[in-house]
Amino acid sequence: MAAAGLRGPLYEALCMQLLLTLLDLKECLRSADSIQSNDPDFRVLDDGSVYTARAIVLSSEKRSFTIGLSDRKTQTQKEIYVLLEHQKKVLKKRHTKETVLRRAKRRWAPIPCSMQENSLGPFPLFLQQVQSDAAQNYTVFYSISGRGVDQEPLNLFFIERETGNLYCTRPVDREEYDVFDLIAYASTADGYSADLPLPLPIKVEDENDNHPIFTETIYNFEVPESSRLGTTVGVVCATDRDEPDTMHTRLKYSILEQNPKSPGLFSVHPSTGVITTVSHYLDREVVDKYTLIMKVQDMDGQFFGLSSTSTCIITVKDSNDNAPTFRQNAYEATVDENTYNVEILRIPIEDKDSINTENWRANFTILKGNENGYFKISTDKATNEGVLCVVKPLNYEENHQMILEIGVNNEVPFIRDIATRVPTMNRALVTVRVKDQDEGPECNPPAQYVRIKENSAAGLKVNGYKAYDPETKNSNGLRYKKLHDPKEWISIDEISGLITVSKVLDREVMAPRNDVYNVTVLAIDQDGRSCTGTLAVNIEDVNDNPPQLLQDYLVVCKPKMTYVDISAIDLDEPVHGAPFHFSLANTSPEVNRIWTINKVNDTAARLSYRKNAELQKYIIPITVKDRAGQSATRNLRVDLCDCTHPSQCASTSRSADVSLGKWAILAILLGIALLFSVLLTLVCGVVSARKGKSFPEDLAQQNLIISNTEAPGDDRVCSANGFTAQTANNSSHGFCGTLGSGIRNGGQETIEMVKGHQTLDSCRGAGHHHTLDSCRGGHMDVDNCRYTYSEWHNFTQPRLGEESIRGHTG
């Protein structure tokens with residue numbers, strides 16, 4: 001009988017004996033840290049459980065072995081003797097008077113049966129006997145079927161036909177077949193079934209024959225350096241094919257080895273396989289990778305349990321735990337004055353963090369000394385150096401040297417700064433020395449201002465633009481020239497730079513209108529080097545412009561409009577402008593009786609009329625005075641008209657009678673005088689012809705200019721027929737033969753001027769001249785050039801009206 005599968009009284013006796021032994025074991029030595037058996041066929045667990053290490057056979061009724069206990073702390077050892085024997089049943093005598101109850105014993109029922117996995121035999125191995133109650137009265141034959149008999153695996157089990165003994169023919173692997181569900185049959189010799197088929201399950205008892213296996217041969221994990229204690233690194237996991245929920249599959253994890261060996265930085269949970277940090281001394285710059293040999297063992301880690309190993313590689317990720325540092329505390333650099341956009345210094349740093357990461361890349365900052373923005377510092381991405389450049393020209397005369405304080409940190413915060421919230425920055429000083437250069441004059445400031453009053457007299461001298469030599473700090477030896485003067489108002493002295501007003505300055509004519517008149521000046525030294533500046537002449541306003549009315553003609557529709565608003569403007573500064581005072585100037589009693597004027601705001605007034613005013617055109621003189629008393633009077637023409645809209649009267653006013661001014665009258669008189677001179681010339685020519693004299697050649701070529709600016713008078717010019725003049729060689733020349741008489745035809749007057757073989761055509765444009773040339777040849781044809789009175793009138797009347805208006809306003 002196999003001890004690994006004890007059944008019956010011996011199994012019960014063994015269990016009881018072991019239980020007693022366990023009680024004695026706990027009492028003997030509670031602090032035992034090592035428990036071992038001297039018999040390799042038996043294993044003792046930490047809790048005192050005793051297991052067979054393999055299948056054994058008890059050759060005798062008794063077997064003994066020794067369990068050794070040891071305590072390393074107290075150096076104490078003890079041994080316990082264990083005896084295994086069959087339990088003897090003591091049969092109790094039944095009293096003669098006791099009643100005996102008997103019942104029929106039925107064996108044809110499912111009988112629990114099991115067999116040991118990987119049993120060593122001998123084979124065929126007897127498992128159990130199957131019997132039917134029908135065998136008491138009949139000859140019964142037994143048979144079985146199912147997996148392991150007539151199904152795969154074939155012929156694993158068989159049963160003796162006559163006895164019902166069930167056998168196994170070879171070892172079985174539980175991981176392949178954990179139970180066999182057989183069916184037993186009992187039949188008589190003639191083939192009748194003695195009983196119903198009996199289900200006969202056979203369970204395969206598990207043996208710890210499978211090592212636990214890690215799910216990965218190599219595990220790769222990452223953990224940030226400077227991690228806190230207890231930070232989870234990763235989880236390892238293993239599987240065991242043995243029967244679940246038994247000691248054969250109770251796994252325990254441990255770390256066999258860490259490389260580098262010291263110090264121990266990691267631990268693993270024995271049950272879950274979670275790897276955590278047990279130290280905060282992870283430093284990538286010291287060790288960037290750790291290798292752990294992981295072990296997993298079944299039987300809850302007991303020494304006799306099966307085990308396997310795996311490799312775990314833990315990579316330490318970089319954190320910004322190393323601040324960048326300068327190699328020196330102080331640096332020096334030189335730069336020529338007036339140079340810019342040049343590199344003057346490279347500043348290397350050291351950073352132990354991972355290269356080309358945000359923990360390594362540096363950010364440089366100029367902390368002090370660059371208030372005027374002369375410098376700029378950047379990072380060279382390839383070398384991680386600070387590159388210091390000059391971006392604005394430096395002046396040696398202003399600063400011989402400049403001291404800069406440079407700071408450096410990384411793109412991400414320093415790990416200690418996150419906890420303390422105080423930024424860490426390494427600092428260094430850079431001394432920049434400026435080298436002197438021989439340079440030209442400086443126009444500084446670029447714009448210089450002078451003040452001149454408006455309307456100042458020509459010849460006024462004022463200080464001009466001043467440049468200086470940066471080396472000597474004075475203007476000696478410099479010459480000045482004027483590059484641009486928009487209106488040529490000033491001149492500049494070449495040696496002193498003084499400016500002289502060459503024309504009267506008028507602030508109001510500047511465009512765009514402002515108070516500053518800019519003149520560009522060039523300063524030149526003895527070597528021909530130059531600079532350019534601007535002389536801004538601030539022209540102080542003088543109240544030299546009276547306010548002017550914006551309107552000169554208005555239409556007022558009566559009775560719809562009871563007033564009209566007028567406004568004025570002053571070209572001077574506001575201090576010399578509004579508010580304006582509007583008033584009626586010295587006017588006739590009739591105007592004062594009909595019209596009144598009242599203020600609307602600072603620049604406007606309201607002109608109103610009385611209800612009894614007649615519909616006619618009025619000329620109203622209005623005086624406008626500014627706040628400083630400067631005033632001007634202007635005649636405002638107002639057409640008081642019976643209309644609904646001013647546009648209805650505007651067209652009528654343009655064709656109304658126009659009073660002639662003195663310049664218009666003078667123009668008319670000049671026109672009349674010109675006509676008389678023409679007539680006088682013609683009369684003299686006729687008289688000379690009758691006397692037999694020829695006209696001089698140059699006289700015939702003179703031009704006769706006909707004025708189209710004035711209408712001709714009503715007087716007749718001349719009335720004569722064509723004539724022929726004889727010269728000394730009897731050749732005949734036609735000369736301006738006829739001046740037709742002025743003829744009135746229904747109020748239309750025509751003036752005809754004819755010359756031989758040529759016609760003086762009508763040219764109606766103003767300013768054109770017509771020439772009366774000599775007419776040489778025989779007989780003359782007379783063509784007419786007519787100017788009608790209506791054409792003269794239509795041309796001259798609008799212009800005479802304009803002259804009349806100017807005369808009144810003047």
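Of the peptides 528-537, 610-619, the order by per-residue mean of other Cβ atoms within 10 Å, starting with the highest, comes out as 528-537, 610-619. Annotation: per residue accessible area for the stretch 249-353 equals 50 Å², rounded to a whole number [probe 1.4 Å, protein chains only].
Given the C-alpha centroids of the stretch 551-596 and the stretch 349-404, what is the distance between them in whole angstrom? That distance is 72 Å. Highest mean first, the peptides 135-141, 520-526 sorted by other C-beta atoms within 10 Å per residue fall in the order 520-526, 135-141. Run a plain Debye calculation on the stretch 306-355 (Cα atoms as equal point scatterers, no solvent) and give log10 I(q)/I(0) at q = 0.32 Å⁻¹, rounded to two decimals, same order as the q list. Relative scattering, expressed as log10 I(q)/I(0), comes to -1.23. Packing-based ranking of 275-284, 444-453 yields 275-284, 444-453, ordered from highest to lowest mean Cβ neighbour count within 10 Å. Of the cross-linked pairs Lys261/Lys295; Lys435/Lys481; Lys435/Lys466; Lys78/Lys295; Lys461/Lys481; Lys482/Lys503, those separated by over 22 Å at the C-alpha level are Lys435/Lys481; Lys435/Lys466; Lys78/Lys295.
Of the residues Ser132, Ser677, the one with the largest accessible area comes first in the ranking Ser677, Ser132, computed with a 1.4 Å probe on protein heavy atoms.
Given a Förster radius of 56 Å and the C-beta distance between His400 and Ala632 as r, what FRET efficiency does 1/(1 + (r/R0)^6) yield to the nearest 0.05? After rounding to 0.05, the efficiency reads 0.30.
Evaluated over the Cα positions of the stretch 198-289, the convex hull gives a direction-averaged projected area, one quarter of its surface, of 7.7 nm². The label point for Ala613 and the one for Asn338, both projected 7 Å from the Cα toward the Cβ, are 7.4 nm apart. Just so you know, the Cα atoms of the stretch 216-343 work out to an Rg and Dmax of 23.9, 89 Å.
The values are calculated or read from the model by the stated rules, or taken from the named source; none is laboratory data. Quick caveat, the model's predicted, so the values are computed rather than measured. Positions of Cβ are generated from backbone atoms using ideal geometry, with glycine treated the same way; all protein chains shown enter the neighbour counts. Side chains are part of the model used for accessible areas, which takes the heavy atoms of the whole protein and leaves out ligands, DNA and RNA. Shrake-Rupley method; radii C 1.70, N 1.55, O 1.52, S 1.80 Å.
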